[in-house]
Amino acid sequence: MSKLQMEGSEWREGVAYARGQFVDPGAAVIPIEDRAHQFGDGIYEVIRVFEGRPLLLDDHMERYEISARAIKLPLDRSLDELRQLVVDAVARSQLKDAQVYVQLSRGLARREHAFPAVPSHLSLTVRPLNDADFYRVREHGNRVMFTEDVRWRYCYIKSLNLLPNVMAKQAALDAGYDDAVFVRDGYVTECSSSNIAIVKDGVFYTHPATERVLHGVTRRFALAYLKDAGIPVKEEAFTPDDLLHADEVFTLNTIAEFSPVVEVEGRKVGVRIAQSDSVLRRLQAAYQTLVKGL
Ligand SMILES: Cc1ncc(COP(=O)(O)O)c(C=O)c1O
């Protein structure tokens, strides 16, 4: 099996699975005519691993199935089998802090738009993750800019088509910010790779779980915690102006967890975040409790 010319030792770390078996993470195992490669025709999940255990795996499995159904993509195995594969892959990697990337492509077939009569193709990696990189962000926050949400209508599907997200992130970096906040029809939807929430006068606001945003696993955890803690929640879209005047602004995702947004296009925002009893800090603490209980 030929090896791709990849720089650095980082490609060797962790484990990879493709075409029904564990493979060398640096090996070239996917043919050029993979639907994921040529059309972005597939779905994915990113799962966080703490102390060698996947977090919120059932939630990820549930969304994986929803995404697959939404694009009429047959699963290649049962969810129980996939769950077991994730657990086995993590054990095999011997990694404590890691992220699992699961991708299901419509399969390996000659390039034609119509769905091919071939099985879908699952690939997976378990890669090391250094939590210290995200600690800084969780403590000190991100600086962001607004950008028009030009994505398609079905952003609740975790599809491989991330070009607008990639473009928005790069535009933000090029402009000297950390990330971009999407705005559609005058309302904030989400960020390039996270959901976003604000707190105003003690009420937590986030975009409702419609077609326009990814139904984040971290967002779901937050809503359950807030309900239990008696913190009022409104799943309502808010405007960029609401965000600029909020008491707290933060992003939610599997990798960076709950991270403050501290500046928007040069304006300081969400200054209440610094207080120890802020909703953000309470969510971060609740998440730590969840992780410790794994
Ligand atoms: C566009 C987008 N929104 C929201 C999220 C947050 O989802 P989760 O909390 O399940 O990681 C992600 C995660 O990568 C994302 O890419």
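For LYS169, the aspartates and glutamates whose Cα falls under 13 Å of its own Cα, not counting residues fewer than eight places away in the same chain, are GLU148, ASP149, ASP178, ASP179, GLU190. What do you get for the angle between helix 163-174 and the principal long axis of the chain? Use alpha-carbon atoms, 0 to 90 degrees, nearest ten. Taking the Cα atoms of the chain, the angle to 163-174 is about 50 degrees. Computed over the range 9-129, relative contact order equals 36 percent, with contacts defined as Cα pairs under 8 Å that lie 6+ residues apart. In the range 134-292, Rg over Rh equals 0.93, where Rg is the alpha-carbon radius of gyration and Rh the Kirkwood radius from pairwise Cα distances. Within the same chain, aspartates and glutamates fewer than 8 places from LYS72 are excluded, and of the rest, those with a Cα less than 16 Å from its Cα are ASP41, GLU62. What the pair-distance distribution of the range 9-129 shows, using all Cα-Cα distances binned every 5 Å from zero, is 2, 11, 22, 23, 20, 13, 6, 2, 0 percent.
Do any trypsin sites (Lys or Arg not before Pro) in the range 42-135 lie in a loop, going by DSSP, with at most 15 other beta-carbon atoms within 10 Å of their beta carbon, and if so which?
Working: sites: ARG48, ARG63, ARG69, LYS72, ARG77, ARG83, ARG92, LYS96, ARG106, ARG110, ARG111; in loops: LYS72, ARG77, LYS96, ARG106, ARG110, ARG111.
The qualifying sites are LYS72, ARG77, LYS96, ARG110, ARG111.
Modelled spin labels at VAL291 and ALA132, positioned 7 Å past Cα toward Cβ, are 1.5 nm from each other.
Sorting check: for 222-230, 255-263, 205-213, which peptide has the highest mean count of neighbouring beta carbons within 10 Å, and how do the rest follow? Walk me through the numbers before you get to the answer.
On the way: 222-230: 14.6, 255-263: 22.1, 205-213: 18.2.
Ranked from most to least packed, the peptides come out as 255-263, 205-213, 222-230.
When the Cα positions of THR206, ALA256, VAL217 are compared along the charge dipole of the chain, VAL217 comes out farthest toward the positive end, with charges on each C-beta of Lys, Arg, Asp and Glu. Would you mind checking the tilt of helix 57-70 against the longest principal axis of the Cα atoms of the chain, expressed as 0 to 90 degrees and rounded to 10? Orientation of helix 57-70: about 70 degrees from the principal axis. At an R0 of 25 angstrom, the distance between the Cβ atoms of VAL150 and GLU62 translates into a FRET efficiency of 0.30. Shown in residue order for the range 134-151 are the 3J(HN,Hα) couplings computed by the Karplus curve 6.51 cos²θ - 1.76 cosθ + 1.60 at θ = phi - 60°: 8, 4, 4, 5, 5, 7, 9, x, 10, 10, 10, 10, 7, 8, 5, 7, 9, 6 Hz (x for Gly and Pro).
Taking amide H as placed 1.01 Å from N in the peptide plane, VAL261 has its amide H under 5 Å from the amide H of ASN142, VAL249, PHE250, THR251, each at least 5 places away in sequence or on another chain.
Relative to the present Cα-Cα distance, how much length would full extension add between HIS113 and GLN84 at 0.36 nm per residue of separation? Mind showing how you got there, number by number?
Numbers: separation 29, 0.36 × 29 = 10.44 nm, distance 3.26 nm.
Difference between extended and current length: 7.2 nm.
Can you tell me how much longer the chain between ARG69 and LYS268 gets when fully stretched, taken as 0.36 nm per residue apart minus their C-alpha distance, in nm with one decimal? Write out the running numbers ahead of the final one.
Working: separation 199, 0.36 × 199 = 71.64 nm, distance 4.17 nm.
Using 0.36 nm per residue and subtracting the Cα-Cα distance, I get 67.5 nm.
Residue-wise HN-Hα couplings along the range 21-27, as the Karplus relation 6.51 cos²θ - 1.76 cosθ + 1.60 with θ = phi - 60° gives them from phi, are 8, 6, 9, 4, x, x, 7 Hz; Gly and Pro carry x.
Helix 279-292: angle to the longest alpha-carbon principal axis of the chain, degrees 0 to 90, nearest 10? In the chain, helix 279-292 runs at an angle near 40 degrees to the longest axis. Using θ = phi - 60° in the Karplus curve 6.51 cos²θ - 1.76 cosθ + 1.60, the 3J(HN,Hα) couplings for the range 244-254 round to 5, 9, 6, 7, 9, 9, 8, 9, 9, 7, 4 Hz; x is entered for Gly and Pro.
In this rough spin-label picture, where each label sits 7 Å from Cα along the Cβ direction, the GLN94-ARG282 distance is 4.3 nm.
Here the residues GLU81, GLU248, ranked from fewest to most Cβ neighbours within 10 Å of their Cβ, fall in the order GLU81, GLU248. When only alpha carbons are used to place a centre, the range 221-294 and the range 79-158 end up 23 Å from one another. The share of alpha-carbon pairs in the chain lying farther apart than 23 Å comes to 58%. Remark: relative contact order (the chain) = 16 percent; criterion is Cα-Cα distance under 8 angstrom and separation of 6 or more residues.
Just so you know, all these numbers are worked out from the coordinates, no wet-lab data involved. In this text, all values refer to a predicted model and were calculated from it rather than measured experimentally. Glycine gets a Cβ as well: all are built from the backbone with ideal geometry, and neighbour counts include every protein chain shown.
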